[in-house]
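Where a number appears in this text, it was derived from the coordinates with a stated rule and is not lab data. Being a predicted model, the structure only gives us computed values, none of them experimental. Positions of Cβ are backbone-derived with ideal geometry, glycine not excepted, and every protein chain shown enters the neighbour counts.
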Amino acid sequence: MKKISADAAKYSDTVRLPFRLGAGFPDAVPVIRSDRKTVSLELKRDGTILIRAPRRMSETKIREFLSKREDWLRAHLAKQQLIGAEGSDRLTEEEINALFRDAVVDLPARVRRFAPLVGVSYGRITIRNQRTRWGSCSAAGNLNFNCLLILAPEEARDYVVIHELCHRIEMNHSARFWAEVARVCPGYRKQRKWFREHGPALTKRMFG
C-alpha cells in the first residue's frame, strides 16, 4: 500500500479519513476536485484510495461521505487482496457469491443516488450473472445489472447505472439518449473505453 506522502504530490487536496484502516494504510486520501455534481470513492488496483468531489464541497461533507462508505471500503480492500480485478484465474464459487453479495448492496445504492439526477423513476432491480451485458432496462423500468460490475472502477459502475437510467427517457441509443447520459456523466466516453479494454478480461474470469 502506498503512503499518502508519495501520492499527495499528484493532487491538489487531501482529506483525513474519519476512521483508521490499520497499519500500512494512509490516514488521509487525495481529493480530485472538478465540476462534477456528486462525490465518489475510488479504490485503484494498486491500493490507492481517491476521492472525486465537486470543487466547492467542504471537507466536512467529504468526511461525512467517507463515514458512510467505511464498510464498503474495508470490504473492497479485503476483496482486492482476495480476488484482484486484473487476475487471470477463474473465479471460484465463493468469489462469485461474494460479488453477488456486494452487488446487491452497491448497485441499488447507485441507482438511488443517480435516479433523481437523471430525473426518472425505476422498478425492480435484479443482479445477474451475464456473459454479454453489463446492464439493461426494460420498458417497465426494471433494471438488471451484471455482478461483475463490482470488479470495475467506481466511475465505470456509475456510468452503467446512469446509462440504464437514461433508458427510462430514451429506449434507444439515439443522439438524444447520449445527450442525457452526458448531462449526468460527462466523462462517459472514458468509461465506455474502460469496458472495451477491460470488460473481456472480467468476463473471461467468470465464464472462461
Problem - J(HN,Hα) series, the range 60-66, from Karplus relation 6.51 cos²θ - 1.76 cosθ + 1.60, nearest Hz, glycine and proline x - result: 4, 5, 5, 5, 4, 4, 4
Practice task
Please identify which residues in the range 177-208 have an amide N closer than 13 Å to a label point set 7 Å out from the Cα of residue 117, following the Cα→Cβ vector.
Solution key: 181-188
Fill in the blank from the handout: Taking Cα pairs closer than 8 Å and at least 6 residues apart, the relative contact order of the range 83-208 in percent is 29
Exercise for the section: Compare the Cα positions of 72, 185, 130 along the charge dipole of the chain (+1 at Cβ of Lys, Arg; -1 at Cβ of Asp, Glu; about the Cα centre) and return the one farthest towards the positive end. Expected result: 185
Exercise for the section: With only Lys, Arg, Asp and Glu charged, each at its Cβ (+1 for the first two, -1 for the last two), find how big the charge dipole of the chain is about the Cα centre; round to the nearest 20 debye. Expected result: 500
Practice task
Return the FRET efficiency for the residue pair residue 104, residue 58: r is the Cβ-Cβ distance, R0 is 35 Å, and the value is rounded to the nearest 0.05.
Solution key: 0.65
Fill in the blank from the handout: Of the residues 49, 143, 206, the Cα lying farthest along the dipole of the chain towards its positive end, which is defined by charges on the beta carbon of Lys, Arg, Asp and Glu, belongs to 143
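Taking a threshold of 27 Å on the Cα-Cα distance, which of the pairs 61/193; 44/204; 44/68; 37/190 fall above it?
61/193
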Exercise for the section: Be a star and scan the range 52-66 for residues whose amide nitrogen sits under 17 Å from the point 7 Å along the Cα-to-Cβ vector of residue 34. Expected result: 52-57
Practice task
Quick one: which residues, 5+ away or cross-chain, put their amide H under 5 Å from the amide H of residue 14? H built at 1.01 Å from N.
Solution key: 31
Exercise for the section: Could you please tell me the mean projected area of the C-alpha convex hull for the chain, averaged over all directions and given in square nanometres to one decimal? Expected result: 11.6
Practice task
Would you tally the net charge around residue 174, using a Cβ to Cβ cut-off of less than 15 Å, leaving residue 174 out, and scoring K and R as +1, D and E as -1?
Solution key: +1
